[in-house]
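The values are calculated or read from the model by the stated rules, or taken from the named source; none is laboratory data. None of the values given here were measured: they were computed from a predicted structure. Cβ sites come from the backbone with ideal geometry, for glycine too, and all protein chains shown count toward neighbours. For accessibility, only protein heavy atoms count, side chains too; no ligands or nucleic acids. Shrake-Rupley method; radii C 1.70, N 1.55, O 1.52, S 1.80 Å.
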Amino acid sequence: MKNSWDWLAFISYKHDDIEWARWLQERLEQYRLPSYLAEDYPDIRLNLKPIFRDETDLGLGYLDENIKESLSKSEYLIVICSTNTPKSTYVCDEVSEFIRQGKVSHIIPFIIEGAPEDCFPAPLLALEKMPLAANVNEISRDYAAVKVIAALLGGVAVDKLWQRHLI
């Protein structure tokens, strides 16, 4: 039986990087699936909504309880990674909680600055096998976003989505 998630993904970030979190959330939620992909992958999700971000989706109540509940109701965790990230207790706690919930294979690092050893939160660095990251410094921020989209779609080839983006 497949899990039913309230959130497709939870974006974790240090508030110094809030503009990147806003940009990525908007980019993901506005993404439109190319029709040819729906034909090639009949079980693929048609959109990437909803994406949780504390500023837009956190309800009233106790912060820790709301965050843990939102993490448990999220299929993926996207971690905005910069040299600010390792200093964030909140990001470290959110990543640790997601790992504790047994969803380590659904963590997507999104590097905006630095190398993994400089920008990943400690719980990611402690993993035996670190997840592959989308890095805005590789080609562009758009390419990094497309890599996140491919992961959220369950492993659709990045090249298929990138070619569509270029058009």
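How far, in nm, would the chain grow between THR83 and ALA122 when pulled straight, counting 0.36 nm per residue and subtracting the alpha carbon separation?
Separation in residues times 0.36 nm, less the Cα-Cα distance, equals 12.8 nm.
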Using the reciprocal of the averaged 1/r over all distinct C-alpha pairs, how large is the Kirkwood radius of segment 74-146 in Å?
12.2 Å
Report ³J(HN,Hα) in whole Hz for each residue of segment 109-114, in order, from the Karplus equation J = 6.51 cos²θ - 1.76 cosθ + 1.60 where θ = phi - 60°; Gly and Pro get x.
x, 10, 7, 10, 6, x
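Subtracting the Cα-Cα distance from 0.36 nm times the residue separation, let me have the gained length for ASN137 to TYR36 in nm, one decimal.
Fully extending the segment from ASN137 to TYR36 adds 33.5 nm.
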Determine the shape class of segment 114-155: with a ≥ b ≥ c the square roots of the Cα gyration tensor eigenvalues, call it rounded for a/c under 1.5, and otherwise prolate if a/b is greater than b/c, oblate otherwise.
oblate
If each residue of separation counts as 0.36 nm, what is the full-extension length gain between ASP64 and GLU29 once their alpha-carbon separation is subtracted?
10.1 nm
Student exercise, segment 111-167 dipole from Lys, Arg, Asp, Glu Cβ charges, in Debye to nearest 20
320 debye
Please compare each pair in LYS103/LYS129; LYS49/LYS160; LYS87/LYS147 to a cut-off of 18 Å on the Cα-Cα distance and tell me which ones are over it.
LYS49/LYS160; LYS87/LYS147
Heavy-atom accessible area ranking, 1.4 Å probe, most first, across ARG100, ARG53:
ARG100, ARG53
Go through 82-88, 42-48, 107-113 and give me the packing order, highest mean Cβ count within 10 Å leading.
107-113, 82-88, 42-48
Near the amide H of TYR76, under 5 Å away, which other amide H atoms are found, from residues 5 or more places off or on another chain, if H is placed in the peptide plane?
ALA9, PHE10
Segment 29-130: mean projected area of Cα convex hull, nm²:
8.0 nm²
